[in-house]
Amino acid sequence: MGHAHLSTTEIYLAPNKDEVIAGVLAHHARTAEQRDRPMPPPPAPGYNPQALSVLFGRTL
(Lines give C-alpha, C1' and ligand atoms only; values in the text may rest on other atoms or scores of the structure.)
Protein backbone atom coordinates (compact mmCIF):
# COMPACT_ATOMS: atom_id res chain seq x y z
CA MET A 1 0.00 0.00 0.00
CA GLY A 2 3.00 2.25 0.18
CA HIS A 3 2.77 3.32 3.83
CA ALA A 4 5.97 4.21 5.62
CA HIS A 5 5.14 2.04 8.66
CA LEU A 6 3.61 -1.42 8.80
CA SER A 7 1.37 -0.34 11.67
CA THR A 8 -0.33 2.14 9.33
CA THR A 9 -1.10 -0.66 6.85
CA GLU A 10 -2.38 -2.97 9.60
CA ILE A 11 -5.44 -0.79 10.23
CA TYR A 12 -6.75 -1.98 6.85
CA LEU A 13 -6.16 -5.66 7.64
CA ALA A 14 -7.84 -6.18 11.02
CA PRO A 15 -11.66 -6.13 10.89
CA ASN A 16 -13.49 -4.58 13.79
CA LYS A 17 -16.34 -6.32 15.64
CA ASP A 18 -19.09 -4.64 13.58
CA GLU A 19 -17.45 -5.69 10.30
CA VAL A 20 -17.22 -9.31 11.46
CA ILE A 21 -20.87 -9.34 12.56
CA ALA A 22 -21.97 -7.78 9.26
CA GLY A 23 -19.96 -10.37 7.32
CA VAL A 24 -21.45 -13.29 9.25
CA LEU A 25 -25.00 -11.98 8.83
CA ALA A 26 -24.42 -11.43 5.09
CA HIS A 27 -23.06 -14.98 4.75
CA HIS A 28 -26.11 -16.47 6.47
CA ALA A 29 -28.45 -14.38 4.32
CA ARG A 30 -26.75 -15.66 1.14
CA THR A 31 -26.91 -19.29 2.25
CA ALA A 32 -30.59 -18.95 3.19
CA GLU A 33 -31.29 -17.41 -0.23
CA GLN A 34 -29.52 -20.28 -1.97
CA ARG A 35 -31.36 -22.86 0.14
CA ASP A 36 -34.74 -21.37 -0.71
CA ARG A 37 -34.13 -21.34 -4.48
CA PRO A 38 -35.99 -23.99 -6.45
CA MET A 39 -33.90 -26.79 -7.88
CA PRO A 40 -33.13 -26.50 -11.59
CA PRO A 41 -35.01 -28.83 -13.91
CA PRO A 42 -33.40 -32.19 -14.63
CA PRO A 43 -31.13 -32.40 -17.67
CA ALA A 44 -32.53 -33.45 -21.01
CA PRO A 45 -32.37 -37.15 -21.90
CA GLY A 46 -28.94 -38.25 -23.07
CA TYR A 47 -26.93 -36.02 -20.71
CA ASN A 48 -24.87 -37.55 -17.95
CA PRO A 49 -25.90 -35.87 -14.64
CA GLN A 50 -22.50 -36.58 -13.05
CA ALA A 51 -20.74 -34.80 -15.91
CA LEU A 52 -23.05 -31.81 -15.53
CA SER A 53 -22.46 -31.62 -11.77
CA VAL A 54 -18.70 -31.52 -12.40
CA LEU A 55 -19.16 -28.88 -15.06
CA PHE A 56 -21.47 -26.63 -13.04
CA GLY A 57 -20.22 -27.50 -9.55
CA ARG A 58 -23.48 -28.71 -8.06
CA THR A 59 -25.38 -31.93 -7.58
CA LEU A 60 -28.53 -32.59 -9.51
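The values are calculated or read from the model by the stated rules, or taken from the named source; none is laboratory data. Quantities reported herein were computed from a predicted structural model and do not represent experimental measurements. Note: ideal-geometry Cβ built from the backbone for every residue, glycine included; neighbour counts use all protein chains shown. Accessible surface is based on the protein model in full, side chains and every heavy atom, while ligands, DNA and RNA are left aside. Shrake-Rupley method; radii C 1.70, N 1.55, O 1.52, S 1.80 Å.
A few points about this structure:
- Some residue of the stretch 13-22 being β-branched (Val, Ile, Thr) and either under 14 Å from the mean Cα position of the chain (by Cα) or surrounded by fewer than 10 Cβ atoms within 10 Å (Cβ to Cβ) (or both): no
- Residue satisfying all of: in the stretch 34-43; closer than 18 Å to Phe56 by Cβ and either at pLDDT 90 or above or charged (D, E, K, R) (or both); most open to solvent (accessible area, probe 1.4 Å) among these: Arg35
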